[in-house]
Each structure stands twice: as structure tokens, then as C-alpha cells.
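Single-structure report; data block below.
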Amino acid sequence: MVLLSLLSLGGVVAFVDPYGISPLAINMRGINIDRVARQNADMRAFKQIDILRQQPEVVFIGSSKTNQAIDPEFASIVFGLTVYNAGIDDGRMSEYEYIVDYILKNDRRIQKIYIELFPRHLLGSGVRMTPQSVGSLVSRYFLSFSAIRDALATLRENDYLEETGSRRISYFSQDGMWRVRDASAPMMNDVAAFNGLVNGAASAGFFSAELNYPQDISTLMSPVEGIVKRCSMVHVECIFYSVPTHPFELILIQAMNRLEMEKEIRIATANIAEVRDFSNYPSLAWPDICQMTDIWINTGHFSPKFGSLMVSSLAGQNQPEISSEFGAKIAELMLMTG
């Protein structure tokens, strides 16, 4: 009787598939479209399995900036290819090098890899993503009591969302993107709030601290060179994209005299690989981007709307109201400016 009950519960887990790893691959509205249980799972482990199972043709790699802004559904339509978002929280270029290596070894359909370039993420070393097997994930997340709990929670949340559509939830979906349902996250566009941020940073010694960039920028380029070398060996196109910094955060960087250093890093990367520049957001034809709550989620992350503009530009489909410099190759911009 106990065995029969366990088998029945195991069948529920396999059908609901709360983590998106079941070979049944069932996706049903009101059942498991929103796999809310994945928000508590090991993002780095699941993304390896997702790539292994889905075999995407295009992969975006980056930090939480990429994870929250690049929508694979939209990108798949624009590129006409299957797209996966491999953005990870607190990512570093040294870890991106590992992810690229993993993709090249395990994704037989890969054609293009886009890698986020945010200068500060070149600092820090050590790969935190460790190899995962399907078997280890099955035993860890499928054959466990927590899987039964999460399957029931997935059913409950999906039923509620189907009925009301009004609960705010966040999770990373099977296409890798961190998604938020029913969200209206405010942006820090209030001057008083920003003054509080600056004063807090000053009291914490932020302005006297150094972003530990070495004097010789070339010493940071090793993972970039490794990525380019690996991709060229198997004829996979790799393109870096420089992401924007929020105006408020930019003021802090300027106060630390690190703006030119970050520009030098982008140029140094462009001397090694193709770099598309989205860091120059003032080229957008909007009157005051600081007030664009639909562009910035917060001071650290831009929105899927901005991500869609980036994707369109990468696909050669810049919108008419957007400057031609938005998403241009840094090497070409250097030639234009002399």
C-alpha cells in the first residue's frame, strides 16, 4: 500500500514536472506553465540540464542583468532560431568561459553565443558552476519529498493564476529567463531616494574604495581570449554586448574616477572580439531615460522592454526612433570618432 502511494505520488511529480526536467515534457495552462518551484532551485545546475535537453541554436550568457532582460520567446521570433537565456545571478566572465565550454561540448545545434560585457564582471575569479548530470538532478529534485511538495505548490499556483491572474510571482522559466508575473516594480527615480543612496554609500566608505582594476587592462582579458579561441575552433559565432549602467549608478562610478577605465575595458575587448555597444543609452531618442520606469526595473537591472530593443538591434532590426549608434560595433564607432 505504501509502495503504491509512493508510485502514485511519483506519477504526479512526473506529470506536473515542477522543475521542468521530466522526459514527458508536459506543459498545460492551469497545471504547470508557470513552474514557480524553480525559483528555489539551483539555477546553475538547471541551466546546464536545460541546455543539454533543449539544444538551443542561440544562447545568451551573462549576469542577472541578462537573465531578467533577454526574453528568449521574443528573441526566437526575431532570430528565427531557438534561443536560451543562460544568465546567472552574480555572474563573472571567468564563469562565462566555463559556460561557453559546456555549451560547445554539449549543444550540437549551437550557432551563436552572445556574452554580456559589464566591465566590473571581469573582476573576480573562480568558476562556481559545477558539472551536473541528469541523474544527479533526478535523484535530487525528482525522487524526493520536496518534489512532491513543489508539484502540489505548482498545481495550486497555476490554478490560482489561471483563475485570477493577479498574484505576483517570480521564477526562472524553462527558457532560462527570470520572469515576474503581475509585477510593477518601481524604479528609483526620486531625487530624495537617490540622495539617500549617495549618503549611504559615502558613510560606508564607497567613494574612498577602489574598484580593483589593474593598471594593465590586458591582464583582465584572459577569459575573453579563451572564449573567442574556443568558439573559433568549432566555427561558432560569439559576440559580446556591452550593457548599460543606470544613470544613478553611473554618477557613483564617475565619483570614483572609474568611467574611463571601464571604457578602456570595452575597447580592449573589441580588439579581441566583436562587441556591440549598448552602454551609450543617451543615444536613445527619449527625453529623460531616468524617468523610464518601463526601461529600468531598478538601478541594477534593465527591463525586458530594453532587452527587446537590444535583441532587435543584434538582429539588425533597430527601430526607426533609435539612434544608429545604439548597438553599433565598438570597432566601427572608434573609426567614426577617429
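The values are calculated or read from the model by the stated rules, or taken from the named source; none is laboratory data. This structure is a prediction, so every number in the text was calculated from the model and none was measured. With ideal geometry, Cβ positions are generated from the backbone for all residues, glycine too; neighbour counts draw on all protein chains shown.
Values for this structure:
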read-out	value
Failed item in (1) more than 24 Å from Met310 (Cα to Cα); (2) surrounded by fewer than 19 Cβ atoms within 10 Å (Cβ to Cβ); (3) β-branched (Val, Ile, Thr), with Ile21 passing the rest	(2)
Residue match in segment 43-62 (condition: surrounded by fewer than 20 Cβ atoms within 10 Å (Cβ to Cβ), within 22 Å of Met310 (Cα to Cα) and touching a Gly at 6+ places or on another chain (Cβ under 8 Å))	no
Qualifying position, being modelled with pLDDT of 55 or more, under 21 Å from the mean Cα position of the chain (by Cα) and surrounded by 13 or more Cβ atoms within 10 Å (Cβ to Cβ), among Asn271, Asn280	Asn280
Per-region count, segment 227-255, residues in a helix (DSSP H, G or I), at pLDDT below 95 and either under 22 Å from the mean Cα position of the chain (by Cα) or not small (Gly, Ala, Ser) (or both)	8
Qualifying positions in segment 203-223 - among the aliphatic types (A, V, I, L, M) and modelled with pLDDT under 75	Ala204, Ala209, Leu211
Pairs with Cβ under 9 Å, 6+ apart, first in segment 310-326 and in a loop (DSSP other than H, G, I, E, B), second at pLDDT 75 or above and of a type in the set (A, V, I, L, M)	Ala315/Ala75; Ala315/Val78; Gln317/Val78; Gln317/Val311; Asn318/Leu309; Gln319/Leu309; Phe326/Leu309; Phe326/Met310
Extreme residue, modelled with the lowest pLDDT, among residues of segment 1-33 that are of a type in the set (Gly, Ala, Ser) and part of a helix (DSSP H, G or I)	Ser5
Pair list, Cβ under 6 Å, 6 or more apart: segment 22-36 residue farther than 14 Å from Thr154 by Cα and among the small types (Gly, Ala, Ser), other residue modelled with pLDDT of 70 or more and surrounded by 11 or more Cβ atoms within 10 Å (Cβ to Cβ)	Ser22/Ala14
Among (1) surrounded by fewer than 22 Cβ atoms within 10 Å (Cβ to Cβ); (2) not in a loop (DSSP other than H, G, I, E, B), the one test that Leu81 misses	(2)
In segment 54-98, residue farthest from Gly300 (Cα to Cα) [restricted to those that are under 14 Å from the mean Cα position of the chain (by Cα) and without any contact (Cβ under 8 Å) to a residue 40 or more places away in the chain]	Glu95
Positions within segment 34-49 being assigned to a loop (DSSP other than H, G, I, E, B) and at pLDDT below 70, in sequence order	Ala41
Qualifying residue in segment 66-74 (condition: of a type outside the set (S, T, N, Q), part of a loop (DSSP other than H, G, I, E, B) and closer than 26 Å to Ala153 by Cβ)	yes
Filter pass, Ile110 being touching a residue at least 40 places away in the same chain (Cβ under 8 Å) and in a loop (DSSP other than H, G, I, E, B)	yes
Test: Tyr98 is touching a Gly at 6+ places or on another chain (Cβ under 9 Å), modelled with pLDDT of 70 or more and outside any loop (DSSP other than H, G, I, E, B)	no
